[in-house]
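S.K.: I have a structure I would like to understand better, so I am pasting it below and will then ask my questions one at a time.
The values are calculated or read from the model by the stated rules, or taken from the named source; none is laboratory data. Being a predicted model, the structure only gives us computed values, none of them experimental. Cβ placement follows ideal geometry from the backbone for every residue including glycine, while neighbour counts extend to all protein chains displayed.
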Amino acid sequence: MLDIVIVNYNSTEPLFWCLKSLFDGSEGISLQVQVHDNASKKDDVDYLKRAYPHVLLTKNKTNLGFSKAVNNGLLQGNAPYVLLLNPDTLVVPGFIDAAMKHMSDHPEVGILGPRILDYGGAVQGSARAFPNLLTALFGRKSILSKIFPKNPITRENILTDRSDGMTPMEVDWVSGACMLVRREAVNQVGLLDETFFMYWEDADWCRRMWQKGWKVVYLPNVSVTHYVGVSSESNIFRSVFEFHRSIFHLFDKHARAPYSLLKPIVFWGIIYRFLFVFVSQVVRKFIREPGRQAFRKSVPENWKVEDSRIRILRFIARLNIGGPSIHVHLLTTGLDSRKFCSTLITGKISPTEGNMGYLFESANEKPIIIEELQREISPLMDIKAFLRILGVLKREAPDIVHTHTAKAGTSARLAAIIYNGFSGGRTKAVHTFHGHVFSGYFSPTKSLMFIWIERFLARKTDVIVAISKTQKTDLAHRFHIAPAEKIRVIPLGFDLAPFLRGSHNIGRFRKSLGKGNGTLLVGIVGRLVPIKNHVLFLDMAKIFMNENKNVDVRFVLVGDGELRGKLEIHAENIGLKNHVSFCGWRRDLPEVYGDLDVLALTSENEGTPVSIIEAMASGTAVISTDAGGVRDLLGFPEKEMSMRAGFMVCKRGVLCRKNDSTGFARGLKHLVEMEKKPRDRMTYEASVFALKSFSNERLLKDMEALYLKVVE
């Protein structure tokens, strides 16, 4: 295990090559790579996360300086060795393994530096003696050293000239462009001195290592390539200034009498040197090849910076509690990161809705929030949301735009059409219907308007995903949204393992209600909104109690929403106040389903209701209205049977007519009075069906296959 800390500043392009060389040369060693970006202004450092999702990226709001950024990285890791690496370096295969082996074989070494080559293959003076008063005149880059490279003073400072190219050599200090550090030594010596903003912090650290008894070694038989100047070119004045400020600080910190008495002379000497070097650097920038251009020319031609993964932008109107939010979380975080890069864009939650944003608390990449994208229809806010989505598409240039739910599906697909038209892009559009708003939500006139909008959008959509066979039939033949060949049926998928009935799921929910095992618990789970028709649930409860006075029963509503107050009043008005519990939103749903005897659903319209799938996985009996994809879940008979009594017994549950509280009450009575053996067989088959048909593995496999086909 090796921690690697890289500090980036406006060098993201070279950083990509650096990371490629690093991972290609790791040779099976486990690498924990941290990139600390010091507020780069020009480079798209966010692109790094998409190309290398396993790299830990920290984006500092301001330029913290090299030392402080490195220290932050040192504090985050725990491997026995830490490799400090500049972003404008390329790691030669074999370096990491050889360097770590030398450190392992020589426990007295605190810091190790390899041979460092420039882009022309020449050896850089990365192993040096501690600076003295003549370093300014005969340093590695001084004019006198350029004119007289073999002079004895320079040779005394630049220790790489003494190396035979193979034998390890103890030196005063090595360059921080690439140094392998023992964490045990760091714990004893301390972190880098943060008063060195940049430059000379490596010399100071190595001096402190020697003072504490640790050795510093130059290992010339392994190498890295360093393209000097890629970062410093972006601000020559700051670079030259910090170089000279740091060398004075180094002198001030370590000079002892009598040399400390020369501080005023050293100060003014450094001022004059700063002015001379700054002017020289500006002139040289225009007459020599810049480091970044030299870097590009030296990278192997067969290397590619581009992220070859399929880039997916996923849109959903809001992360309110429900199946769509669970679905997009799984697809955003669960796809194979080697093939796909998925980013979620979502809107603002209504104050009356539960928020499932907590699903992304541990995700590496958080959703992008567009606050103007919200549930309510508002021309001004919708236009703003559209423009912001268009901006995201322009910035991200995705391969696929995958939309979920009606509001996001309209705005994002329209934006994709405009984006492709004006940019010549080839972004593909995929839309998933988690339900639809063509009936039960709006007036007939408004519903017809939405149907025509969806028909238009479907013509510009590459693939439409239905989450059940019944939904596909509705889209293709009932509402004529799109031809059947354009619609793919891909059922939902979930992590259903927590819902498997076990001892840890039984008893807690009943206890919270103050009810024992002798009480029949009938629950409904979902948003308290009109389309869910909780009034039917309450009216059914009243009828059931009146006709079954000998049954000890409690009706439970799990969820919250805009109708809660009205539903509580309705329950009281019909005499159910003492027999109904409003539980609000709960995260312990496995425990809720574990204690429910029956899960009810009374919706007027549905896609594939998640509460039924979760109840099935939990082994809880299900009764539901005939809404949307419920038939597919409950196993509707191939030959349609009549519902003369208002209900029908299916293979995996009981199906009832919509808006028929009397028939629903009869169906509940039939379900409760079923003999144990057929009822157990029904719930067992339902559990097997749910686990087999709605696993997260199956969903990810199906969706990855779809994406690959779409981009072909």
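S.K.: Filter region 496-505 down to the residues that are at pLDDT 85 or above and in contact with a helix residue (DSSP H, G or I) (Cβ under 8 Å, 6 or more places away or on another chain) and list them by number. Please lay out each step first, then the result.
M.R.: Going through region 496-505, the residues at pLDDT 85 or above turn out to be 496-499.
Hits for region 496-505 are Leu496, Pro498, Phe499.
S.K.: So is Val33 hydrophobic (A, V, I, L, M, F, W, C), under 25 Å from Arg311 (Cα atoms) and either surrounded by 18 or more Cβ atoms within 10 Å (Cβ to Cβ) or in contact with a strand residue (DSSP E or B) (Cβ under 8 Å, 6 or more places away or on another chain) (or both) or not? Even if it seems obvious, please write down each step before you answer.
M.R.: Values: hydrophobic (A, V, I, L, M, F, W, C): yes; under 25 Å from Arg311 (Cα atoms): yes; either surrounded by 18 or more Cβ atoms within 10 Å (Cβ to Cβ) or in contact with a strand residue (DSSP E or B) (Cβ under 8 Å, 6 or more places away or on another chain) (or both): yes.
Taking the combined requirement at face value, the residue satisfies it.
S.K.: Can you name the residue in region 475-497 that is within 18 Å of Arg631 (Cα to Cα) and free of Cβ contacts under 8 Å to residues at least 60 places away in the same chain and is also surrounded by the most Cβ atoms within 10 Å (Cβ to Cβ) among such residues?
M.R.: Going through the qualifying residues, I end up with Leu475.
S.K.: For region 364-397, how many residues meet the condition of being surrounded by fewer than 17 Cβ atoms within 10 Å (Cβ to Cβ), touching a Leu at 6+ places or on another chain (Cβ under 9 Å) and either within 27 Å of Arg586 (Cβ to Cβ) or of a type in the set (Val, Ile, Thr) (or both)?
M.R.: Result for region 364-397: 2.
S.K.: Could you tell me whether Ser423 is touching a residue at least 40 places away in the same chain (Cβ under 8 Å) and more than 22 Å from the chain's Cα centre (by Cα)? Talk me through it step by step, then tell me what you get.
M.R.: Working: touching a residue at least 40 places away in the same chain (Cβ under 8 Å): no; more than 22 Å from the chain's Cα centre (by Cα): yes.
No: the conditions fail for Ser423.
S.K.: Can you tell me which residue among Ile569, Ile574, Ile531, Ile543 is surrounded by fewer than 21 Cβ atoms within 10 Å (Cβ to Cβ), hydrophobic (A, V, I, L, M, F, W, C) and without any contact (Cβ under 8 Å) to a residue 12 or more places away in the chain? Steps first, answer last, please.
M.R.: Details: Ile574 fails: without any contact (Cβ under 8 Å) to a residue 12 or more places away in the chain; Ile531 fails: without any contact (Cβ under 8 Å) to a residue 12 or more places away in the chain; Ile543 fails: without any contact (Cβ under 8 Å) to a residue 12 or more places away in the chain.
None of the others qualify; the one that does is Ile569.
S.K.: Which residue, of Asp702, Asp626, is surrounded by fewer than 24 Cβ atoms within 10 Å (Cβ to Cβ), more than 30 Å from Lys339 (Cα to Cα) and among the acidic types (Asp, Glu)? Step through it out loud before you land on a result.
M.R.: Working: Asp702 fails: more than 30 Å from Lys339 (Cα to Cα).
Only one candidate passes the filter, namely Asp626.
S.K.: Mind listing just one residue for me: the one in region 556-566 that is under 19 Å from Ser512 (Cβ atoms) and of a type in the set (A, V, I, L, M, F, W, C) and, of those, surrounded by the most Cβ atoms within 10 Å (Cβ to Cβ)? It would help to see each step written out before you state the result.
M.R.: Looking only at region 556-566, we keep the residues that are under 19 Å from Ser512 (Cβ atoms), and these are 556-560, 564.
Still in the list and also of a type in the set (A, V, I, L, M, F, W, C): 556-558.
Details: Val556: 21, Leu557: 25, Val558: 23.
So the residue we want is Leu557.
S.K.: Do the conditions hold for Thr519, that is, is it closer than 24 Å to Ser695 by Cα and modelled with pLDDT of 90 or more? First the steps, then the outcome.
M.R.: Values: closer than 24 Å to Ser695 by Cα: no; modelled with pLDDT of 90 or more: yes.
The answer is no for Thr519.
S.K.: Leu528 fails exactly one of the following numbered conditions: (1) under 36 Å from the mean Cα position of the chain (by Cα); (2) modelled with pLDDT of 95 or more. What is the number of that condition?
M.R.: Of the numbered conditions (1) under 36 Å from the mean Cα position of the chain (by Cα); (2) modelled with pLDDT of 95 or more, the odd one out for Leu528 is (2).
S.K.: Which numbered condition in (1) of a type outside the set (Ser, Thr, Tyr); (2) in contact with a strand residue (DSSP E or B) (Cβ under 8 Å, 6 or more places away or on another chain); (3) modelled with pLDDT of 75 or more is the only one that Gln188 fails?
M.R.: (2)
S.K.: For region 643-663, name all the residues that are in contact with an Asp or Glu (Cβ under 7 Å, 6 or more places away or on another chain) and among the charged types (D, E, K, R).
M.R.: Hits for region 643-663 are Lys651, Arg652, Arg657, Lys658.
S.K.: Using beta carbons and a limit of 7 Å, which pairs, at least six apart or on different chains, have the first residue in region 179-207 and under 23 Å from Pro87 (Cβ atoms) and the second one part of a helix (DSSP H, G or I) and of a type in the set (Lys, Arg)?
M.R.: Glu194/Lys68; Asp204/Lys253
S.K.: Next question, about the same structure. Just for region 203-222: of the residues that are within 28 Å of Thr62 (Cβ to Cβ) and surrounded by fewer than 24 Cβ atoms within 10 Å (Cβ to Cβ), which one is modelled with the lowest pLDDT?
M.R.: Among residues in region 203-222 that are within 28 Å of Thr62 (Cβ to Cβ) and surrounded by fewer than 24 Cβ atoms within 10 Å (Cβ to Cβ), the one modelled with the lowest pLDDT is Ala203.
S.K.: Please specify each residue of region 166-208 satisfying the condition of being among the polar types (S, T, N, Q), farther than 22 Å from Val123 by Cβ and touching a helix residue (DSSP H, G or I) at 6+ places or on another chain (Cβ under 7 Å).
M.R.: Taking region 166-208 as the starting set, the residues that turn out to be among the polar types (S, T, N, Q) are 167, 175, 187-188, 195.
Retained after the next criterion (residues that are farther than 22 Å from Val123 by Cβ): 187-188, 195.
Passing the criteria: only Thr195.
S.K.: Do we have Ala416 as crowded, with 16+ Cβ neighbours inside 10 Å and in a helix (DSSP H, G or I) here?
M.R.: On the way: crowded, with 16+ Cβ neighbours inside 10 Å: yes; in a helix (DSSP H, G or I): yes.
Taking the combined requirement at face value, the residue satisfies it.
S.K.: Going by the conditions given, is Gly435 of a type in the set (Gly, Ala, Ser) and out of contact with any strand residue (DSSP E or B) (no Cβ under 7 Å at 6 or more places or on another chain)? Lay out the reasoning, then the answer.
M.R.: Details: of a type in the set (Gly, Ala, Ser): yes; out of contact with any strand residue (DSSP E or B) (no Cβ under 7 Å at 6 or more places or on another chain): yes.
Answer is yes for this residue.
S.K.: Anything in region 336-390 that is in a helix (DSSP H, G or I) and either touching a Cys at 6+ places or on another chain (Cβ under 9 Å) or over 15 Å from Gly409 (Cα atoms) (or both)? List them, or say none. Let's see the steps before the verdict.
M.R.: At the first step, the residues of region 336-390 found to be in a helix (DSSP H, G or I) are 357-360, 379-390.
Once the filter is applied, which keeps residues that are in a helix (DSSP H, G or I) and either touching a Cys at 6+ places or on another chain (Cβ under 9 Å) or over 15 Å from Gly409 (Cα atoms) (or both), region 336-390 yields Gly357, Tyr358, Leu359, Phe360, Pro379, Leu380, Met381, Lys384.
S.K.: Restricting to region 81-105, count the residues that are farther than 22 Å from Ser21 by Cα and in contact with a helix residue (DSSP H, G or I) (Cβ under 7 Å, 6 or more places away or on another chain).
M.R.: Counting residues in region 81-105 that are farther than 22 Å from Ser21 by Cα and in contact with a helix residue (DSSP H, G or I) (Cβ under 7 Å, 6 or more places away or on another chain) gives 0.
S.K.: Any residue in region 398-407 that is outside any helix (DSSP H, G or I), among the acidic types (Asp, Glu) and surrounded by fewer than 22 Cβ atoms within 10 Å (Cβ to Cβ)?
M.R.: Of all residues in region 398-407, those outside any helix (DSSP H, G or I) come to 398-405.
Now narrow it down to the ones that are among the acidic types (Asp, Glu): 399.
With surrounded by fewer than 22 Cβ atoms within 10 Å (Cβ to Cβ) added as a condition, the list becomes 399.
Yes; the residues of region 398-407 include at least one that is outside any helix (DSSP H, G or I), among the acidic types (Asp, Glu) and surrounded by fewer than 22 Cβ atoms within 10 Å (Cβ to Cβ).
S.K.: Would you call Phe422 aromatic (Phe, Trp, Tyr), surrounded by 17 or more Cβ atoms within 10 Å (Cβ to Cβ) and either on the phi > 0 side of the Ramachandran plot or in a helix (DSSP H, G or I) (or both)? Show your work before the answer.
M.R.: Values: aromatic (Phe, Trp, Tyr): yes; surrounded by 17 or more Cβ atoms within 10 Å (Cβ to Cβ): no; either on the phi > 0 side of the Ramachandran plot or in a helix (DSSP H, G or I) (or both): yes.
In short, no.
S.K.: If you don't mind, there's one more thing I want to ask. For region 589-606, give me each residue that is farther than 23 Å from Lys511 by Cα and either surrounded by fewer than 24 Cβ atoms within 10 Å (Cβ to Cβ) or of a type in the set (Val, Ile, Thr) (or both).
M.R.: Filtering region 589-606 down to residues farther than 23 Å from Lys511 by Cα leaves 601-606.
Matches in region 589-606: Thr602, Glu604, Asn605.
S.K.: Considering each of Asp202, Asp193 in turn, give the residue that is in the same structural domain as Ala99 (by TED's automatic domain parsing) and either in a helix (DSSP H, G or I) or at positive phi (or both).
M.R.: None of the other options fit; the residue is Asp202.
S.K.: Another question about this same structure. Restricting attention to region 515-528, and to residues there that are in contact (Cβ under 8 Å) with a residue 40 or more places away in the chain and either of a type in the set (A, V, I, L, M) or assigned to a loop (DSSP other than H, G, I, E, B) (or both), which single residue is farthest from Glu591 (Cα to Cα)?
M.R.: Arg527
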